[in-house]
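The structure appears right after this line, and notes come after that.
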Amino acid sequence: MDTLRDNQSKGRGFTFLELIVVMTIIGLLAGVLLPVFFHNGLNEAASILQNTVFSAKTFAITKRKRCLLIINADYYTTPRNLPCILIIEDAEKTFKKEYRLPRYVRFWQYGRGNNVPQSFTSGTKTIYFESHGVMHDSQSITIPEDVVIILKDVKTNRTITRTVLGSTCQVKE
């Protein structure tokens, strides 16, 4: 009878090896799942970019006038860590709407057409939306022109690329 109790009391706890295995599994799961949660800022920023492009196109078509989408990357030149801003306004500057990217997401690179995107960490870029539903990034032309924008999460150093198609103003991965 006493040997039965001794065997039962030994089986109640965990061995050191079992604890190490469980801790290793928890560590692996955390290493895989945590970056997914931190990556949501980039997905949110891409969604904000897509919605802003759609809003600018819709404004240009419904008001039947040129609309500007100003991408502001001046956060590097300011003393405070400001969020990046997308601004929609009409050519006459009678309408203005601002959209902010998540706190740690920055505009990183910008390119036109098939050109390799160049660094874009300060200043502004303007994309023009015409009333007939096309966009370009040069004020003097009105033919469609694709634009490539790369966003970066400065906390995780992850980037995400979005291309705005000039002929349809759609945003694609």
On the given criteria, is residue 172 modelled with pLDDT of 85 or more, exposed (fewer than 15 other Cβ atoms within 10 Å of the Cβ) and of a type in the set (D, E, K, R)?
-> no
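Quick one: would you say residue 49 is under 23 Å from the mean Cα position of the chain (by Cα) and at pLDDT 85 or above?
Answer is yes for this residue.
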State which residue pairs qualify: first residue assigned to a loop (DSSP other than H, G, I, E, B) and surrounded by 14 or more Cβ atoms within 10 Å (Cβ to Cβ) and inside segment 113-132, second residue modelled with pLDDT under 85 and hydrophobic (A, V, I, L, M, F, W, C) in any location, beta carbons under 9 Å apart, and separation of 6 or more residues or different chains.
-> 120/73; 120/107; 121/73; 121/107
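Test residue 91 against the stated conditions and say whether it is in contact (Cβ under 8 Å) with a residue 24 or more places away in the chain, aliphatic (A, V, I, L, M) and farther than 20 Å from residue 173 by Cα.
Yes.
Name the residues in segment 152-173 that are under 17 Å from residue 113 (Cα atoms), in contact with a helix residue (DSSP H, G or I) (Cβ under 7 Å, 6 or more places away or on another chain) and not basic (Lys, Arg), would you? Let's see the steps before the verdict.
Taking segment 152-173 and keeping what is under 17 Å from residue 113 (Cα atoms), we get 161-173.
Those still in the list that are in contact with a helix residue (DSSP H, G or I) (Cβ under 7 Å, 6 or more places away or on another chain) too: 162, 164, 169, 171.
Passing the criteria: 164, 169, 171.
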What number of residues within segment 113-136 satisfy the criterion of being under 21 Å from residue 58 (Cβ atoms) and touching a Phe, Trp or Tyr at 6+ places or on another chain (Cβ under 7 Å)?
-> 3
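The values are calculated or read from the model by the stated rules, or taken from the named source; none is laboratory data. Treat the numbers as computed from the prediction; the structure is a model and nothing was measured. Every residue, glycine as well, gets a Cβ built from its backbone with ideal geometry; the counts of neighbours run over all protein chains shown.
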